[in-house]
Amino acid sequence: MRRELVCAEPASPARLETRTGPMPDLRRGQVRVRVEAASVNPIDVRRAGGYGRRLLALKGAGKFPLVLGNDLAGRVEAVGPGATLFTPGQRVYGLVPTGRGGGAHASQVAVPESLLQAAPQDVEAAALAVLPYSFTTMWLALRSARLTEANAAGKRVLVHGAAGALGRLALQLLSGWGCDITAICDVGKAGDCRALGARVAVERGPQTIASLPPDFDAVFNFASWDDEPALASRLGGDALGHATTVHPLLGNFDRLGWWRGALASRADANAVRAVVRQRAPGARYGWTIFKPDAAALAALAAGVREGRFSLPVGPCVGFGQADTAFAHVAAGRPGRAVLLP
């Protein structure tokens, strides 16, 4: 029997239960993975409280009870028709899409083989399970701002929220691409950011953003929507773009409904886009929304094999202690919490 960690109803703190059910059926191109580790991301904690229900319902992921989680690491247990990349017993890690099939917080999951990567034998499951969702979201933000490995060398890049999961991965990737990085981070984290590749690291404060020069080629906001206009004002005249992962899209639809939520989101985006265009007429502005991306997973896998990408791992607990994992993430404590089904 399959065990699932279920969010029974919208609640904060999360109301979690362990339930059993049948093994997932395998569709063409899927494999069944016995999950050894699955991370708890901030989006999981927010969704457990009902965040995003209206818009995520379009993907079949808005109705409670919910099985959350997008990251996993484990072993292939069975191979479906047409799946040829992996064999039973092979260690893998990767992503479960947000949708009707439920998430990664289960003992077994059916996953498209295209969303998995072979796991290095010398990296533990928990260390792998904390990477795919955050790396993919960060990667999509870079693409949204038109920053790629081909054009990155020498570019001045501003990363807000640099000590968080997305920020840390961005520093590790962009320093390898030859970017000149300025990191904005929480108090006491500047040394960590410099060690991860930032040339300049400044602690967040009331005048921090305004004190920075307005000459950045790309700006990434992984921290706070409230800082979005100020960050956009730091772009240089020939900037590539600005991207944020902390936009109010899901919250606007939750709060205001379909029509008013759409209007509010458009107004919010256009207000910042106006600042971007004033600073850099050719720059692109984007709101990043997570979705699985094969190129991101391939880049992640290459970096993991080379030892370039990692994140701090926090508490690792079974389903019976899942409430402590969710509380750890909700409190913003360091290290990503991991479930061990």
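The values are calculated or read from the model by the stated rules, or taken from the named source; none is laboratory data. For clarity, every value in this text was computed on a predicted model and none was experimentally measured. When we count neighbours, we look across all protein chains shown, and the Cβ atoms used for this are built from the backbone with ideal geometry, even at glycine. Heads up: the accessible areas ignore ligands, DNA and RNA and are worked out on the full protein's heavy atoms, side chains in. Shrake-Rupley method; radii C 1.70, N 1.55, O 1.52, S 1.80 Å.
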Item to check | Unique match (being aliphatic (A, V, I, L, M), within 22 Å of A218 (Cβ to Cβ) and free of Cβ contacts under 8 Å to residues at least 40 places away in the same chain) among A269, A299 | outcome: A269
Checklist outcome for this item: Filter the range 161-186 for residues that are in a helix (DSSP H, G or I) and open to solvent by 10 Å² or more (accessible area, probe 1.4 Å); the one that is farthest from N221 (Cα to Cα) is G176
Checklist entry - Filtering the range 220-235 down to residues that are within 22 Å of the chain's Cα centre (by Cα) and in a loop (DSSP other than H, G, I, E, B), which residue is surrounded by the most Cβ atoms within 10 Å (Cβ to Cβ)? => result F222
Checklist entry - Out of all the residues in the range 77-96, is one or more in a strand (DSSP E or B) and open to solvent by 40 Å² or more (accessible area, probe 1.4 Å)? => result yes
Item to check | Hey, P24 assigned to a loop (DSSP other than H, G, I, E, B) and open to solvent by 70 Å² or more (accessible area, probe 1.4 Å) or not | outcome: no
Next on the checklist: Within the range 60-101, take every residue that is charged (D, E, K, R) and at pLDDT 95 or above and give me the one that is nearest to the chain's Cα centre (by Cα).
Outcome noted: D71
Checklist outcome for this item: Given the conditions (1) farther than 30 Å from R3 by Cα; (2) open to solvent by 50 Å² or more (accessible area, probe 1.4 Å), every one holds for K291 apart from (1)
Checklist entry - Listed residues L56, L66; which is surrounded by 22 or more Cβ atoms within 10 Å (Cβ to Cβ) and not hydroxyl-bearing (S, T, Y)? => result L66
Checklist entry - List, please: which pairs have Cβ atoms under 8 Å, are six or more places apart or on different chains, and start with a residue in the range 37-53 that is basic (K, R) and end with one that is part of a strand (DSSP E or B)? => result R47/C7; R47/L66
Checklist outcome for this item: Selection from the range 125-160 of residues of a type outside the set (D, E, K, R), more than 30 Å from Q90 (Cβ to Cβ) and open to solvent by 20 Å² or more (accessible area, probe 1.4 Å) yields S144, T148, A150, N151, A153, G154
Checklist entry - How many residues are under 27 Å from L311 (Cβ atoms), touching a helix residue (DSSP H, G or I) at 6+ places or on another chain (Cβ under 9 Å) and hydrophobic (A, V, I, L, M, F, W, C) if we restrict to the range 1-54? => result 12
Item to check | Residue within the range 202-219 that is touching a residue at least 24 places away in the same chain (Cβ under 8 Å) and within 20 Å of the chain's Cα centre (by Cα) present | outcome: yes
Checklist outcome for this item: Expected output for the range 236-253 (first residue open to solvent by 20 Å² or more (accessible area, probe 1.4 Å), partner of a type in the set (D, E, K, R) and part of a loop (DSSP other than H, G, I, E, B), Cβ below 8 Å, 6+ apart or cross-chain) is D238/D217; L240/R146; L240/K155; L240/D217
